[in-house]
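Chemist: First the structure, then my questions, so here it is.
The values are calculated or read from the model by the stated rules, or taken from the named source; none is laboratory data. Quick caveat: nothing in here was measured; it's all calculated off a predicted structure. Positions of Cβ are generated from backbone atoms using ideal geometry, with glycine treated the same way; all protein chains shown enter the neighbour counts.
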Amino acid sequence: MGAEEAVLSGLDEVRGWQEDLYRDLHAHPELSHQEQRTAEKVADRLDKAGYEVHRGVGGTGVVGVLRHGDGPTVMLRADMDALPVKEATGLPYASTVTATDGDGNEVPVAHACGHDMHVTCLLGAAQLLADGASHWNGTVVALFQPAEETGDGARGMVDDNLAELVPTPDVAFAQHILPAPAGQVGTHVGAVLSAADSMRITLHGRGGHGSMPQATVDPVVLAAMIVVRLQTVIAREVTPTETAVVTVGSIQAGTKSNVIPETAELQLNVRTYSDRTRKTVLDAVRRIVTAECRASACPQDPEFELFDRFPLTENDKEVTERVAQAFGGYFGDHAEPMGQQTASEDFSDIPEALGTPYSYWGVGCIDRDAYAKAEAAGRVSQDIPVNHAPNFAPVIQPTCDTGTQALVVAALAWLGR
Ligand code: ZN
Ligand code: ZN
């Protein structure tokens, strides 16, 4: 019996508690940085499975370490947080939870991104690897991070001395459920998720009466010029073969038709797939906005504030090819290349900080018949809910099995004898 088969022979047993745990986590979602209950459940299970457990890493983060002889160190990561979304799945285990967010507002909370499934799969894989430790050599690091949705959970763990708590991994893995047929796994070599940067820009004009524009510097006209001129960043400054997005999602100025306001505020979102393009775009935005302000004779240069920043997720070629080969061997036709995704993640902050090559893959989670029907009708984008939608939820099986198997198969591609 190969290591994969031997370790995964325990799946029937693990599946029993995994499904209960999943429904429990789904019904008790917690906002970013508030994952206490989830973290406790995670730490208990890791502890019982024989892992050395570190709690409270970067807030609510939990790390389990399991050593079994000499060999490579493999890090497996799951995120734990939920979203301020009102669940509308109609499932018997749907969330009715509300919580107080960082701004002090009472908000509904739901696992609308599927992180409850990520936690369940990783706990199952951790248990299987512990039970089947006689079939592999090396060290497993099972890492559960807080606050992926706010983009600062991974960084928080790194800043809390993660590097000193765990042996340096030779390779790191993470996965995400996606609106694709359940049972599928998808890999991608190179940039798989975009870097994302949000920018708040404050423009300083000079206010005055709407009837006397000559005595003012109108930030509304200035903002309009900037929005139009920013469209040239992608069209004229980014290499045509590269993908990037600049969206001005918010523009705020003024209170009354006959008052020229003092200031205007723009909020931008930038998505890029290489560090070079990221720099090109952000530099271009600053240059254009500053120049437009000077062209308008603003009394003061604009102010720029970056927030909600997500790093680029760029899968290592060698690592990803080895994972894809292992997936092909185990999942057959259900393993396939997955295209570049437009979403963003903060996972890569961890392997980047540890100097570890990594791979991030997708796991389908939509009922196969429902997906096939939508596809046949050409209605996938209308009929299949996507992550963050109020009616998004994975089918528990085969999603849970697949996500668990994927983690074990990838880990054993390094640890297996
Ligand atoms: Zn999300
Ligand atoms: Zn997510």
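Chemist: If the requirement is being touching a residue at least 40 places away in the same chain (Cβ under 8 Å) and either at negative phi or in contact with a helix residue (DSSP H, G or I) (Cβ under 9 Å, 6 or more places away or on another chain) (or both), which of these qualifies: D401, D333?
Modeler: Numbers: D333 fails: touching a residue at least 40 places away in the same chain (Cβ under 8 Å).
Checking each option against the conditions leaves just D401.
Chemist: Just wondering, is there one or more residues in the stretch 97-110 that are closer than 16 Å to T60 by Cβ and modelled with pLDDT under 95?
Modeler: Checked against the condition, which is being closer than 16 Å to T60 by Cβ and modelled with pLDDT under 95, the stretch 97-110 yields at least one hit.
Chemist: Tally time: how many residues in the stretch 106-120 are away from ligand 1 (no atom under 16 Å from the Cβ) and touching a Leu at 6+ places or on another chain (Cβ under 7 Å)?
Modeler: So in the stretch 106-120, the residues away from ligand 1 (no atom under 16 Å from the Cβ) come out as 106, 120.
Next cut, touching a Leu at 6+ places or on another chain (Cβ under 7 Å) only: 120.
Residues that pass the stated criteria total 1.
Chemist: Going through the stretch 353-398 one residue at a time, which ones are among the β-branched types (V, I, T) and within 16 Å of ligand 2 (Cβ to nearest atom)? Explain how you work it out, then say what you get.
Modeler: Our first condition is that a residue be among the β-branched types (V, I, T); within the stretch 353-398, this holds for 356, 363, 366, 380, 384, 386, 395-396.
V363, I366, V386, listed by residue number.
Chemist: Further question: Which one is nearest to ligand 1 (Cβ to nearest atom) among residues in the stretch 130-162 that are under 18 Å from M80 (Cβ atoms) and assigned to a loop (DSSP other than H, G, I, E, B)?
Modeler: Only one residue tops the list, namely E149.
Chemist: Tally time: how many residues in the stretch 271-308 are surrounded by 15 or more Cβ atoms within 10 Å (Cβ to Cβ), of a type in the set (A, V, I, L, M, F, W, C) and not in a helix (DSSP H, G or I)?
Modeler: Adding up the residues that qualify gives 2.
Chemist: Taking the stretch 106-120 as the region of interest, how many residues are among the acidic types (D, E) and not in a strand (DSSP E or B)? Please lay out each step first, then the result.
Modeler: Of the stretch 106-120, the ones among the acidic types (D, E) are 106, 116.
Still in the running and not in a strand (DSSP E or B): 116.
Count: 1.
Chemist: What's the total number of residues in the stretch 163-214 that are more than 18 Å from P311 (Cα to Cα), touching a strand residue (DSSP E or B) at 6+ places or on another chain (Cβ under 8 Å), among the aliphatic types (A, V, I, L, M) and not in a strand (DSSP E or B)?
Modeler: Qualifying residue count, the stretch 163-214: 3.
Chemist: Tell me which residues, restricted to the stretch 38-55, are in contact with a helix residue (DSSP H, G or I) (Cβ under 9 Å, 6 or more places away or on another chain) and either without any contact (Cβ under 8 Å) to a residue 40 or more places away in the chain or not in a strand (DSSP E or B) (or both).
Modeler: Matches in the stretch 38-55: T38, K41, V42, R45, L46, K48, A49, G50, Y51, E52, V53, R55.
Chemist: Considering only residues that are over 16 Å from L129 (Cβ atoms) and touching a helix residue (DSSP H, G or I) at 6+ places or on another chain (Cβ under 8 Å), which ones fall in the stretch 1-22?
Modeler: Within the stretch 1-22, E19, L21, Y22 meet the criteria.
Chemist: While we're on this one: Can you name the residue in the stretch 81-105 that is surrounded by 16 or more Cβ atoms within 10 Å (Cβ to Cβ) and in a strand (DSSP E or B) and, of all such residues, is farthest from ligand 1 (Cβ to nearest atom)?
Modeler: Only one residue tops the list, namely A82.
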